[in-house]
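These notes are about the structure you will find just below.
The values are calculated or read from the model by the stated rules, or taken from the named source; none is laboratory data. Here the structure is a predicted model, which is why all the values come from computation and not from measurement. Don't worry about glycine lacking a Cβ; one is built from the backbone with ideal geometry, like all the others, and counts go over all protein chains shown. Each accessible area value is taken on the protein alone, full model and side chains, heavy atoms only, with ligands, DNA and RNA left out. Shrake-Rupley method; radii C 1.70, N 1.55, O 1.52, S 1.80 Å.
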Amino acid sequence: MRARRSNMVPVLMLGLLVMTAALEDAHADDCFPELEPPEVLARFGQEVELNCSTKCLDYDGVYWAAGGLKTPLTYRFAILTYTVSRWDETPQCRVRHSASLDYIKDLPLVVYQTPDTVSISVESHSGGPLLEGGRYSLRCDVFNVAPVAQLTVSWLRGGRALHTDTYEERVTKTPGNVSSTLNITALRNDSGDVITCRTTLSLPGPPAEERIVANTSVDLSCPLELIPTRVVARYGSRLSARCRPTSSPPAHISWESGSVGQTSRWLNRTVVWTVNSLEDWTLQPQCLGTFGNTQCHVTLPISLFKTPDTVSISVENHSGGPLLEGRRYSLRCDVFNVAPVAQLTVSWLRGGRALHTDTYEERVTKTPGNVSSTLNITALRNDSGDEITCRTTLSLPGPPAVELTKSTALLVAVRCKMAEKESEDCSLLPLVHDIIK
């Protein structure tokens, strides 16, 4: 029995040692600082308030250390009002447990700075309009931004992405300069386009923040002004348009319109183009300017329209006379010689209430065309005397937007199914008439 007791003593001592070590580890976990906020995203020069606390029961105090600054020892928590003035500094919260032991926790701090400037230049170009067909390099310079590794530089035209550069290999925390290059070929259709260089800093969270910090643009437009800037005109109408420079005087300005119209010169280097009767559906005249050794142009958009010659309603597979009560009929509205068909809407109405609508966006031709629309109805006794209207509407671009309408109406006559002869209440003679607005 004595031998067994003597063997149990080391085992008990070992258990006590393991338990003591576990308690000490738990105590150490409680003594590590807790940060609020747990991480900080701050602009360089920004002032932030930091809070540190501990659950430790046996300690001398809590304090912050940042650079050469230390806050006084306090009990339970310590507050630091900190101005971010260095790129390589990491504030630390410390819990003083004894003269020789501190529990330390670093504050995760991300410092950023938006660019001082973002600029676009055309490399190896002396200025003025770009030469059609020439190859050019657009350079976007971004100055004094951080962190560079989180920066994205994007090139866009009309909201459409053209090219993107990133800089993940630039891991330094301090601000830096970057550049991005976009190669283009100057095409005639580019005139008037705006190409944008957009810089974006994607910053860590939570929550992750994506800050579009700067945009700058290069205008590829030709320095010529049209008055008016676009034309919406009735087929066969008279048209006059002016073209003048908006920057340095060009060597020459002229209109290019085939053999349509006449050109004359006005005051202030203005060139006037006149057409007495505009009858070319595809005409897109251009004003051309020569500036030094480069040439550019602007196009005058012309939208010609023509209201329908006629709008008519017919009842398909019906020989005429009143409709028979209870029978299904197809009403057909025919619209003749209208343009542009893609801008046309045909609507069926009864007593001002819309019944059916057809559009023709797929008919993209500019020249006049014919269309038809069908409305299926069942002839009811109460319909007799109703007016069903087919209304055509041309929606023309602006400003201001214009709508032109032309309508025709059918006065419905229904013959009672059980009547031996037509009665005054159940049938009226069919009548078709035009309404023009």
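Some points to look at:
- Looking only at residues in the range 250-267 that are under 30 Å from HIS125 (Cβ atoms) and touching a Pro at 6+ places or on another chain (Cβ under 9 Å), the one that is most open to solvent (accessible area, probe 1.4 Å) is GLU256.
- Scope the range 79-115; condition among the aromatic types (Phe, Trp, Tyr) and open to solvent by less than 20 Å² (accessible area, probe 1.4 Å); matching residues: TYR82, TYR112
- Residue within the range 122-133 that is exposed (fewer than 14 other Cβ atoms within 10 Å of the Cβ), modelled with pLDDT under 95 and not in a loop (DSSP other than H, G, I, E, B) present: no
- Residue check for TRP281: open to solvent by 30 Å² or more (accessible area, probe 1.4 Å) and hydrophobic (A, V, I, L, M, F, W, C): yes
- Candidate set: the range 332-355, residues that are out of contact with any Cys (no Cβ under 8 Å at 6 or more places or on another chain) and of a type in the set (S, T, N, Q); chosen: the one surrounded by the most Cβ atoms within 10 Å (Cβ to Cβ): GLN343
- One residue stands out in the range 175-190 among those that are β-branched (Val, Ile, Thr) and either at pLDDT 95 or above or crowded, with 17+ Cβ neighbours inside 10 Å (or both): the one that is nearest to GLU89 (Cα to Cα), namely VAL178.
- Strands (runs of 3 or more DSSP E) wholly inside the range 343-437 containing at least 3 residues that are β-branched (Val, Ile, Thr) and modelled with pLDDT under 90: 402-411, 431-436
- When restricted to residues that are over 24 Å from the mean Cα position of the chain (by Cα) and open to solvent by 30 Å² or more (accessible area, probe 1.4 Å), the range 218-228 contains 3.
- Total residues in the range 317-331, condition over 53 Å from the mean Cα position of the chain (by Cα), open to solvent by less than 80 Å² (accessible area, probe 1.4 Å) and not aliphatic (A, V, I, L, M): 4
- Selection count where residues are in a strand (DSSP E or B) and open to solvent by less than 40 Å² (accessible area, probe 1.4 Å), scope the range 32-78: 14
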